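To keep things clear, I will list the structure first and then write my remarks on it.
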Amino acid sequence: MKLSLDELRSKASRFKNRIRRRNLREFLASISIVLVFGWSLWRTPALVERIADALIIAGAIYYAWHLWNRGTPKSLPADLGRTDSLQFYRGELERQRDLLRSAWLWAIGPLVPGLALFFAYGIATAPPAKRLPLMAFGAVSAAFLAFVARLNRRAARRLDRRLAELSNELAPQS
């Protein structure tokens, strides 16, 4: 079944809105990270902890910057015909899929050095009774990052399925 131009515009608009909501949610998460670790950076006298906080803040800022530059959805130009609109929509799906596939590199990876230093220093300097809970929190944090990576891979696979469906739309009619 071939999509009409109006259906295609509607799908592209819904996709753009979904990406905008995702980006807003991620920007708010980045701001939260900057605020929490900024407060910690400001209040702690320990140099290693301050370095860890600064690395985490830098990772969150890089994440938000990368998402802004590579993940901001583009608007479907109003003057495109069906074929050009379809190609534009396909390009947007591919761009977002590729972004999600590489999320471990630009979203998760930049946070790891600061978090690793934060937990390693905390565990090394904590009283013995507090080490186990801190190790557990570190493990939960690592599991959360792995979960986020898995969610991104799953979302990329969903976009792959949408792209496969669009292949029929781009096939020449016989």
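The values are calculated or read from the model by the stated rules, or taken from the named source; none is laboratory data. On a predicted model such as this, the values are computed, not experimentally measured, just so you know. Ideal geometry is used to build each Cβ from the backbone, glycine not excepted, and the neighbour counts take in all protein chains shown. Remember, those area values only see protein heavy atoms, side chains included, never the ligands or the DNA or RNA. Shrake-Rupley method; radii C 1.70, N 1.55, O 1.52, S 1.80 Å.
Structure notes:
- Lone qualifier among S40, S32 - being surrounded by 16 or more Cβ atoms within 10 Å (Cβ to Cβ), at pLDDT 95 or above and of a type outside the set (V, I, T): S40
- Screening D6 on (1) without any contact (Cβ under 8 Å) to a residue 12 or more places away in the chain; (2) in a loop (DSSP other than H, G, I, E, B) shows it passes everything except condition (2).
- Among residues of segment 43-62 being without any contact (Cβ under 8 Å) to a residue 60 or more places away in the chain and of a type in the set (A, V, I, L, M), the one that is surrounded by the fewest Cβ atoms within 10 Å (Cβ to Cβ) is L47.
- Filtered residue count, segment 50-89, keeping only those that are over 19 Å from G109 (Cα atoms), part of a helix (DSSP H, G or I) and not small (G, A, S): 8
- Members of segment 140-160 found to be charged (D, E, K, R) and either modelled with pLDDT under 95 or open to solvent by less than 60 Å² (accessible area, probe 1.4 Å) (or both), listed by number: D160
- Of all residues in segment 121-139, those satisfying the criterion of being surrounded by fewer than 14 Cβ atoms within 10 Å (Cβ to Cβ) and among the small types (G, A, S) are A124, A129, A136, A139.
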